[in-house]
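The values are calculated or read from the model by the stated rules, or taken from the named source; none is laboratory data. Being a predicted model, the structure only gives us computed values, none of them experimental. Reconstructed Cβ throughout: ideal geometry from the backbone, glycine too, with neighbour counts over all protein chains shown.
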Amino acid sequence: MARKLPRFLSLPEVEAMFRASADNPRDNLMLKCMFYLGLRNSEVQNLRVEDIDFVNENVKVVQGKGKKDRYVPIPLKSFASELRSYIGERRTGKVFFVSDRHIRRIVKKYAEKAGIRKPEEVHPHTLRHSYATFLQNQGTPLNVIQELLGHARIDTTTIYVHLGMEKKKELVARAFGDQKTASLRTYFSPRDDKV
């Protein structure tokens, strides 16, 4: 039986969710943690202040799925600044005090508010899939994405990544190089070097 490909959002859709949640810093940061850091729902719940290293700009994801710690870079200074501001003077403890169910509600709420098609199909994991797809479309090697997501097996990671049609066109055009305007007959014409 064929496995259903997970849904992912385009960058404009993710950004629309960020704008829709801008008036609620906590919710906005949780959405950003799922997309900018590729965190699972449970990893957002368990994210601790002491695991965020603002000096080296990374986050230690402790005992994620598979009981394996991993480090994920904080990709944007503005995101790091928002996190720092939200945490304030706290030095330890959870960053967010929310339940699994609440995170799911938040994601659906802002998917609806952002006008995303079929918001009932947008889950916390959708943002994680979108993170992986975005990285793949930017040329990040699959083994690096695997490490960032904390997957033990590369075949798990391949389920997460979807090359967008524009990226596929770009790759095909690059493969054909300057020849893309040439007639296909040139590629398939009989060879004159018969012996």
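Structural remarks
- Boolean, Tyr86 is modelled with pLDDT of 95 or more and over 21 Å from Leu11 (Cα atoms): yes
- Cβ-Cβ under 7 Å pairs, at least 6 apart or on other chains, segment 75-99 side on the phi > 0 side of the Ramachandran plot and in contact (Cβ under 8 Å) with a residue 40 or more places away in the chain, far side of a type outside the set (Val, Ile, Thr) and not in a helix (DSSP H, G or I): Gly93/Arg48
- Residue check, Lys67 exposed (fewer than 14 other Cβ atoms within 10 Å of the Cβ) and either in contact with a Gly (Cβ under 9 Å, 6 or more places away or on another chain) or charged (D, E, K, R) (or both): yes
- Residue check, Val172 surrounded by 10 or more Cβ atoms within 10 Å (Cβ to Cβ), hydrophobic (A, V, I, L, M, F, W, C) and at pLDDT 90 or above: no
Let's see how each residue does on (1) modelled with pLDDT of 95 or more; (2) surrounded by fewer than 23 Cβ atoms within 10 Å (Cβ to Cβ); (3) in contact with a strand residue (DSSP E or B) (Cβ under 7 Å, 6 or more places away or on another chain); (4) not in a helix (DSSP H, G or I):
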{"site": "Leu5", "(1), (2), (3), (4)": "no, yes, no, yes"}
{"site": "Arg19", "(1), (2), (3), (4)": "yes, yes, no, no"}
{"site": "Asn28", "(1), (2), (3), (4)": "yes, yes, no, no"}
{"site": "Glu43", "(1), (2), (3), (4)": "no, no, yes, no"}
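- Residue that is nearest to Arg128 (Cα to Cα) [pool: residues in segment 45-69 that are assigned to a helix (DSSP H, G or I) and touching a residue at least 40 places away in the same chain (Cβ under 8 Å)]: Gln45
- All helices (runs of 4 or more DSSP H) inside segment 70-139 with 3 or more residues being under 24 Å from Phe54 (Cβ atoms): 77-87, 124-137
- The set of residues from segment 140-159 being surrounded by fewer than 20 Cβ atoms within 10 Å (Cβ to Cβ), without any contact (Cβ under 8 Å) to a residue 40 or more places away in the chain and assigned to a helix (DSSP H, G or I) comprises Leu142, Asn143, Val144, Ile154, Asp155, Thr156, Thr158.
- Only one of the listed residues (Val72, Val55, Val95, Val14) is hydrophobic (A, V, I, L, M, F, W, C) and more than 30 Å from Ile116 (Cα to Cα). That residue is Val55.
- For Ser130, the criteria (1) hydroxyl-bearing (Ser, Thr, Tyr); (2) more than 15 Å from Lys32 (Cα to Cα); (3) in contact (Cβ under 8 Å) with a residue 60 or more places away in the chain hold in every case but one, which is (2).
- Residues located in segment 99-128, provided they are farther than 13 Å from Leu31 by Cβ and either hydroxyl-bearing (Ser, Thr, Tyr) or crowded, with 23+ Cβ neighbours inside 10 Å (or both): Ser99
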